[in-house]
Structure formats: C-alpha cells, structure tokens
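Have a look at the structure below before the remarks.
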Amino acid sequence: MNPEQYVQEKAAASGSSFYYAFLFLPKPRRAAITAFYAFCREVDDVVDEVRDPGVAATKLAWWRTEVAQAFAGQPRHPVMQALMPAAHEFNIEAHQLLQVIDGCQMDLDQTRYLDFPALQRYCHLVAGVVGEVAARIFGQQNPQTTAYAHKLGLALQLTNILRDVGEDAMRGRIYLPVNELQQFDVKAHEVLNRVYSPRFVALMKFQAARAHQAYDEALALLPAADRRSQKPGLMMASIYRTLLREIERDDFKVLDQRVSLTPVRKLWLAWRVQALGRMG
C-alpha cells in the first residue's frame, strides 16, 4: 500500500462527514485535504484508542519528532509522506501540525474546562487550526478568510461536543465548561453517570445557541471573493448544522445515544451546496 492509498483508506474508514465535502474537490486539492485529514485522525486516535496515558504521551511525542523530520525532508510515516508534497504546494506549516498535536495533548492532560475561554483554547487547537489549514488547501485568496475558518472550526467542534457528551462521559471527560454546569445546577457525576434531566436540557440548549451563533458569525466573516473556493467548508457547515438541529429536535438525548445523519443525507447536503449554493 502506497502513502496515497493509506491516507485514502484512513479518511474513508473514519466515516466522517468531512469525507463528503472532499468528494467535489479537484484531484490535487482532494489529495492534499485527504492527507491532512488522515494526519489529524492519526494523532486523534492516539488519545481515543490508547488506554495508557503514558503510552499515548510517548506516541504524541513521536509524532512531534516525525513532523520535524518530515519538514526537514525525511518523512517516515505514510501520512507524512503523502502530506509533504501538499505542504509545499499549499503553504502548510509545521507549527500548524504541532498545534493540532498540542490539542490532542490537552485531552491527555485534562478532562475538564473551567470556563468557555479555556474550552475555546482547546477548540482553537483541534478545530480552528484545522480550519485554517483546510482553507489554504481549498484555495483561500483573501487573508480575512482565516478568521472565518477559525470561527467555523469552533462551530463544528461545539457541535461535536454536544453530539458526543455521552461518549466522552464514558471516557471520564466533560467538555461542557464547569462554571456553566454550575450555572444550570448540573452536577459532574450526573453527566458521567448519564443522568438526563430538565436541568441538563436547559444546559444543552444554552450550548446549542452558542454553536448556532458561531455558525452565523463564521458565515458573516467569509469574504465574497472566497465563497466559491471555500465550498467544502460550507458543506461541512451545512452537514454539521443539520446535525445540530437533529440533536435539538431529539431533545438532546445525547447521553445514551449518538445522533447522526445517514450517508445519503450527508451527500445530499454537500451536493446542495456544490450545485445550488444552498445550506441545509
């Protein structure tokens, strides 16, 4: 299996909504975003799949070294071998990849966030920086598009957090800010034990409203000149905002199930943006 096949399989196997946004890209850009996404999956999987925190930290340290070696011209891992041609073509920088690793390191080092600014810092690393790199690959022309990409990354990550409250609780993690749990009188042990209550629903409505605001702010930040090139990001916004609305319609039953969209629906939402320019 060559590096290009490896990253393609890594991206497709994840079943992520991102895959549907990549389908409409020209081949060089599709290859680049697929390789970058595979990198993000590799380092994220270290945290999600390695049970021993010490082993996980060692693996993330290995990835830091691998990024440095790859940008010095000696990539060893197939993901970095596939990514390096794209890095040169689309101005992807080593510090951006290292920031993504820093975000994954935060998952090893802490399981709570005291307030929204602390959570925002985490979202910046694991999603905002990802959006920044993706915008370059998609064909960013206007420097202001970077602010849009960061805000959209925040919106997508907040949606992920809402969707995954139950799964994260099973891993002992709570991404909902501690001071907001207190504001709605939701105890941490209730989340960890997946206790559903009107107080929890009120907390989740508050979180969903913030996510919607982030989507609105992101779309307002996107310069008109880059709207066409950034269609893959708009596809992601359409898919994830539709998911957010499904979570709301389901009364936030996210503690004991994972709300998701079917592949056909994701493809339809992506196609609507590509062909009609309409968000879901």
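Key figures for this structure:
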| item | result |
| --- | --- |
| Test for residue 101: is it β-branched (Val, Ile, Thr), within 21 Å of the chain's Cα centre (by Cα) and modelled with pLDDT of 95 or more | yes |
| Matching residues in region 1-19 - criterion: being over 18 Å from residue 126 (Cα atoms) and either outside any helix (DSSP H, G or I) or under 14 Å from the mean Cα position of the chain (by Cα) (or both) | 1, 2, 15 |
| One residue from 210, 194, 265, 228 being farther than 28 Å from residue 169 by Cβ and not aliphatic (A, V, I, L, M) | 228 |
| Any chance residue 94 is under 20 Å from the mean Cα position of the chain (by Cα) and under 20 Å from residue 11 (Cα atoms) | no |
| Long-range neighbours under 7 Å by Cβ, at least six apart or interchain, first residue over 16 Å from residue 195 (Cβ atoms) within region 164-175, second at pLDDT 95 or above and not aliphatic (A, V, I, L, M) | 175/113 |
| Conditions (1) open to solvent by 30 Å² or more (accessible area, probe 1.4 Å); (2) of a type in the set (Asp, Glu); (3) under 17 Å from residue 87 (Cβ atoms): number failed by residue 9 | (3) |
| Search result, residues across region 86-142 that are of a type outside the set (A, V, I, L, M), farther than 27 Å from residue 73 by Cα and open to solvent by 30 Å² or more (accessible area, probe 1.4 Å) | 109, 110, 111, 112, 115, 116, 117, 120, 121, 124, 141, 142 |
| Verdict on residue 215 being hydroxyl-bearing (Ser, Thr, Tyr) and out of contact with any Lys or Arg (no Cβ under 7 Å at 6 or more places or on another chain) | no |
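The values are calculated or read from the model by the stated rules, or taken from the named source; none is laboratory data. Everything numeric here is computed off the predicted structure, so don't read it as measured data. Note that we place each Cβ from the backbone using ideal geometry, even for glycine, and neighbour counts take in every protein chain shown. These accessible areas exclude ligands, DNA and RNA; they are computed on the full protein's heavy atoms, side chains included. Shrake-Rupley method; radii C 1.70, N 1.55, O 1.52, S 1.80 Å.
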